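K.L.:
Pasting a structure here, questions to come.
The values are calculated or read from the model by the stated rules, or taken from the named source; none is laboratory data. Note that this is a predicted model, so its numbers are computed, not measured. Here Cβ is always computed from backbone atoms with ideal geometry, including for glycine, and neighbour counts include all displayed protein chains. Remember, those area values only see protein heavy atoms, side chains included, never the ligands or the DNA or RNA. Shrake-Rupley method; radii C 1.70, N 1.55, O 1.52, S 1.80 Å.
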Amino acid sequence: MSADVGAALAAKIRDVPDFPQPGILFKDITTLLKDGPAFRQALDALRDRCRGYGATKVVGIESRGFIFAAPLAYQLGAGFVPVRKLGRLPAATARAEYTLEYGTNTVEMHRDAIAPGERVLIVDDLLATGGTCRATIALVEELGGVVAGIAFLAELTFLNGREHLAGYDVQVLISY
Ligand code: AMP
């Protein structure tokens with residue numbers, strides 16, 4: 001993908017200062033999602049970058065990760081697996097807890113979602129501190145899956161989230 005595509009996509013994302021709390025510059029992707037050609041361009045670029053992973057499952061992180069993970073799974077001919085916040089999944093789950101600035105959060109995945117040895121692509125909209133993605137990696141690996149790759153629409157590089165993802169193959173279309 002050329003740098004131009006990343007710049008074109010970045011221009012579609014709206015910055016919202018002080019949301020959800022003072023001091024946070026929120027990257028609002030709804031302005032990209034509502035633009036048909038831009039949404040398609042983002043999905044096609046992610047598909048091109050992730051095709052080589054040979055993933056048979058695409059794991060999407062609740063909730064904005066679902067928006068990209070499900071169409072990517074369709075395009076790659078893979079299954080879609082949701083990672084959800086605590087208490088939302090009905091059957092037996094694996095759980096991973098991670099630390100936030102204040103307190104902790106827990107994510108879950110169905111235990112039968114991934115078979116041992118299966119190649120997995122993890123997808124979310126945005127890499128910030130990397131905590132959510134790190135917890136998702138732990139879930140996939142607890143179930144015996146192989147994290148073949150990780151893909152994000154955008155990354156906030158100044159938060160150094162990649163430090164949590166060292167050793168994994170990471171694809172990002174837009175870097176801030
Ligand atoms: P983290 O675990 O810190 O990498 O946070 C990742 C999740 O939080 C992603 O699913 C994002 O949707 C969301 N997020 C964190 N920071 C921002 C931000 N500045 N703008 C928009 N979304 C954010």
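K.L.:
Could we say that Leu173 is more than 12 Å from the ligand (Cβ to nearest atom), under 13 Å from the mean Cα position of the chain (by Cα) and buried (at least 19 other Cβ atoms within 10 Å of the Cβ) here?
P.N.:
yes
K.L.:
Here are Val58, Val123, Val107, Val83: which of them is surrounded by 21 or more Cβ atoms within 10 Å (Cβ to Cβ) and under 19 Å from Arg162 (Cα atoms)?
P.N.:
Val123
K.L.:
Quick check on the stretch 130-144. Is at least one of its residues touching a Cys at 6+ places or on another chain (Cβ under 9 Å) and not charged (D, E, K, R)?
P.N.:
no
K.L.:
I would also like to ask the following. Report every pair of residues separated by at least 6 positions or lying on different chains whose Cβ atoms are under 9 Å apart, first residue within the stretch 53-78 and closer than 17 Å to Ala115 by Cα and among the polar types (S, T, N, Q), second assigned to a loop (DSSP other than H, G, I, E, B) and open to solvent by 40 Å² or more (accessible area, probe 1.4 Å).
P.N.:
Cβ pairs passing all conditions: Thr56/Gly77; Thr56/Ala115.
K.L.:
Turning to a different aspect of this structure: Please go through the stretch 142-160 and give me each residue that is more than 9 Å from the ligand (Cβ to nearest atom) and farther than 19 Å from Cys50 by Cα, ordered by number.
P.N.:
The answer is Glu142, Leu143, Gly144, Thr157, Phe158, Asn160.
K.L.:
So, in the stretch 61-80, how many residues would count as being buried (at least 19 other Cβ atoms within 10 Å of the Cβ) and over 15 Å from the mean Cα position of the chain (by Cα)?
P.N.:
Number satisfying all stated conditions: 2.
K.L.:
Which residues, taken from the stretch 126-141, are open to solvent by 10 Å² or more (accessible area, probe 1.4 Å), under 26 Å from Tyr102 (Cα atoms) and more than 6 Å from the ligand (Cβ to nearest atom)?
P.N.:
The answer is Arg134, Ala138.
K.L.:
Suppose we filter the stretch 20-69 for residues that are charged (D, E, K, R) and over 13 Å from Leu126 (Cα atoms); how many remain? Spell out the reasoning first.
P.N.:
Going residue by residue through the stretch 20-69, those that are charged (D, E, K, R) are 27-28, 34-35, 40, 44, 47-49, 51, 57, 62, 64.
From the residues that got through so far, the ones that are over 13 Å from Leu126 (Cα atoms) too are 34-35, 40, 44, 47-49, 51, 57.
Final tally of qualifying residues: 9.
K.L.:
Please go through the stretch 13-52 and pick out each residue that is open to solvent by 80 Å² or more (accessible area, probe 1.4 Å) and in contact (Cβ under 8 Å) with a residue 24 or more places away in the chain.
P.N.:
Asp48, Arg51
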